[in-house]
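Working notes for the structure below.
Nothing in this text is a laboratory measurement; each read-out follows from the coordinates by a stated rule. Since this is a predicted model, take the numbers as computed values, not measurements. Neighbour counts run over all protein chains shown; Cβ positions are idealised from the backbone, glycine included.
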Amino acid sequence: MNIVPVNEFVGWAGSIMLSVCAVPQVYRTWRTKKAGDLSWGFLILWFFGEIFTFAYILVGDFLSQVFHLPLYLNYLLNTLLVVYLIYAKKNY
């Protein structure tokens, strides 16, 4: 039995869920123009956690020549979302 397709599906499904989990907060912040309840500590730790983990995944993938595209989607989208929330926290 080949579990690779199932594993790929699970990886993509999880990455999509994690990628969009911040969308409701981003939408609410964009709609209300209020970001006061967002903690700077949370935003900064989230941002650097995404950047460092993405770098770790990329280096590991290039060394092993096994590429985890679902993870790339997750980290790229989450980084964009947290950058918007940091912008909103600073400017609203």
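Assorted remarks:
Conditions (1) within 19 Å of Leu80 (Cβ to Cβ); (2) in a loop (DSSP other than H, G, I, E, B); (3) under 14 Å from the mean Cα position of the chain (by Cα); (4) aliphatic (A, V, I, L, M), marked per residue:
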{"residue": "Met17", "(1), (2), (3), (4)": "yes, no, yes, yes"}
{"residue": "Arg28", "(1), (2), (3), (4)": "yes, no, no, no"}
{"residue": "Arg31", "(1), (2), (3), (4)": "yes, no, no, no"}
{"residue": "Leu45", "(1), (2), (3), (4)": "yes, no, yes, yes"}
{"residue": "Gly49", "(1), (2), (3), (4)": "yes, no, yes, no"}
{"residue": "Leu58", "(1), (2), (3), (4)": "yes, no, no, yes"}
{"residue": "Phe62", "(1), (2), (3), (4)": "no, no, no, no"}
{"residue": "Val66", "(1), (2), (3), (4)": "no, yes, no, yes"}
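- The residue that is nearest to Glu8 (Cα to Cα), among those in region 41-85 that are aliphatic (A, V, I, L, M) and buried (at least 17 other Cβ atoms within 10 Å of the Cβ), is Leu71.
- Condition broken by Leu71, with the remaining ones in (1) in contact with a Gly (Cβ under 9 Å, 6 or more places away or on another chain); (2) aliphatic (A, V, I, L, M); (3) under 14 Å from Ile86 (Cα atoms) satisfied: (3)
- If you go through region 77-92 and pick out every residue that is without any contact (Cβ under 8 Å) to a residue 40 or more places away in the chain and not aromatic (Phe, Trp, Tyr), you end up with 5.
- Residue in region 33-43 that is nearest to Val83 (Cα to Cα), counting only those that are of a type in the set (A, V, I, L, M, F, W, C) and in a helix (DSSP H, G or I): Leu43
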